[in-house]
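Some notes on the structure that comes next.
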Amino acid sequence: MGLSFIHGIAVGIVFTFIILFTKFYHPSPSVSYSTNNITNRTSDLHHVTNISYEGYQFFVFSHESPMVRAYLDVVRDTVCGLALRTRERAYSFDSQVRPMVISQRIKGLDWPLTGITMVGQRRLINIEWAIRFVIANDVMGDFIECGVWRGGSSVFARAILKALNNNDRHVWVADSFQGLPKARTPNDHDHWSKMEYLKRRLINIEWAIRFVIANNVMGDFIECGVWRGGSSVFARAILKALNNNDRHVWLADSFQGLPKARTPNDHDHWSKMEYLKVSLEEVQTNFRSFNLLDDRVHFCKGYFVDSLPRCNVSRIAVFRMDGDMYESTMDQLFNLYSKLQIGGVIIIDDYTISDCFRAIVDFRKWHNITEEILSIPGDVAGRCWIKRKSIQLQMEQYLRLLPTTKS
C-alpha cells in the first residue's frame, strides 16, 4: 500500500505540476563551486544553467519545472528504499535482516528488502549527474546498466530521461536475471554465485512450471500467501515467455495480513506484523508494472478458511504455499491438495517454521503421503514434492480446526 501511495503521488500529482509549472519557470545562473572539473556556464545553445546540488555541479535546463526536482527525488528515494523509512528493513552482508540504518542506505552499504536497487542515494545522484552531463554536452548515446538486481537504478535513469523530455535516448538493462555466475578463472571467487537470497526459490518456481509442462501435467499455478505478488508475477512471466496460454495464475491472499489464531495450534504474533499487510491494489499494480495483469491472472481474496472453498481454480499443476501458520497451512492443504494433479508439484515456502512444519507432518501422516520431500538447492527454508497418488481427504481432522462461525 505504501508503494502504491508513493506511485500515486509521483505520477498523479507530480507530473500534473510539471505540466502546469513548465511554462512559468526560468532558472537563473548561480555561482557554484566545481568538485567534478565541470566548468560553470550557461549555454545559449541548450539554455543550460550549472548549479550546485548535493556536492555535484548539475546542469539544469531552461524547460524544467521546479517539480522535476520533486519528482526525481521521489523516484530516487523510492527505488533505493528511503521513501518508506519506517517500514524498510535491510539485508546486510552477514546475511542478517535488520532495521534499516539510514546512513548506510544512503551510501549503499546494505541491501533493502523493499527498495528495488542496492545502490544508495548517493550513487543514484551520480547517475542523474551523468545523464544531465551528457545531455548538456551533446554526447550521443544511450544508458546501459550491467548487473541490475531488481532494476531500480535503470528505472531511475528512465525517469530522468522522461522528466527531462529526452526521447532520443534508450535505457538498456543487462543481467542474467538469475544471479551471478560461477567463477571462470582463479581471478574470482564463487561466493557471489551462492548468494541465494537473489534467486533460489524463484528458480524452483521456474523448474516446477517447466516440469509440469514437459510432463503434460494439466492445470494452473496457484500461490497462497503472496505478499507483494512477486513470485506470481514471475510465474506469469514464465508462462508468457514460453507461450503457454492454457494455464492461468491464481493468487490467494487476505491482502490485509495474516489472521489471528483460531486454535492453540498457532500464535497471534503473525497477525500483528504490519510489514506483511499488502493491499490487492498494490499487488495488481506490481503485475501492471511488468505488463502481466491480463485475463489469465485471478485473485481469491480473503483468509484461506473463507476464500479457498470458493476459489474457482479446478485443476492445479503447481501449488505454492506460503501461509506460515499451522491453521493456514491446513486450510490450503484440505481445500486444494485434491485439485493438485498427479505429477504436479507442491512447494512449501515455510517448511522450517515450526507451525507450518507440524501441519505438513500431520497432513502427510493422516493421508499416508509418502512422496519424497525435496530440498530446494541452495535454500534453507523451502521444500517441495511431486504428487504421485490421489488421497481420500480425512475431513474430520480438518473440522476440528474450523471456527464455529466463519469470519
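Each residue of region 395-403 was assigned a 3J(HN,Hα) from its phi angle through the Karplus expression (A = 6.51, B = -1.76, C = 1.60, θ = phi - 60°), giving 5, 5, 5, 6, 4, 5, 8, 7, x Hz with x at Gly and Pro. A simple spin-label model places the labels of Arg364 and His298 2.9 nm from each other, with each point 7 Å out along Cα-to-Cβ.
Under the √(5λ) rule applied to the eigenvalues of the Cα gyration tensor, what semi-axes describe the equivalent ellipsoid of region 198-399? Give them in Å, descending. Don't jump to the answer; show the numbers that get you there.
Details: eigenvalues 111, 89, 50 Å².
Value: 24, 21, 16 Å, ordered largest first.
With both residues required to sit in region 319-386, DSSP beta bridges show an antiparallel share near 65%. Take the Cβ atoms of Asp142 and Ser52, set R0 to 25 Å, and the FRET efficiency comes out at 0.35.
Under a 5 Å amide H cut-off, with hydrogens placed 1.01 Å from N, Val226 pairs with nothing among residues at least 5 apart or on other chains. A Förster distance of 25 Å, applied to the separation of the beta-carbon atoms of Val380 and Gln104, puts the FRET efficiency at 0.50.
In this simple spin-label approximation, His170 and Arg210 carry label points 7 Å from Cα along the Cα→Cβ vector, and these lie 2.7 nm apart. Sequentially through region 229-240, phi angles give Karplus couplings (6.51, -1.76, 1.60; θ = phi - 60°) of x, x, 5, 6, 4, 5, 4, 5, 5, 4, 4, 5 Hz, Gly and Pro residues having no value and appearing as x. If I take all pairs of Cα atoms in region 116-186, what percentage of them are more than 14 Å from each other? I get 63 percent for the Cα pairs in region 116-186 exceeding 14 Å. Put simply, the amide H of Ile144, placed in the peptide plane, has neighbours under 5 Å in Trp172, leaving out anything fewer than 5 places away on its chain. Dipole magnitude for region 198-399: about 520 debye, using +1 per Lys or Arg Cβ and -1 per Asp or Glu Cβ, origin at the Cα centre.
For region 198-399, the share of DSSP beta bridges that are antiparallel, to the nearest 5, is 25%.
Just so you know, all these numbers are worked out from the coordinates, no wet-lab data involved. Given the structure is predicted, the values throughout are model-derived calculations rather than measurements. Cβ sites come from the backbone with ideal geometry, for glycine too, and all protein chains shown count toward neighbours.
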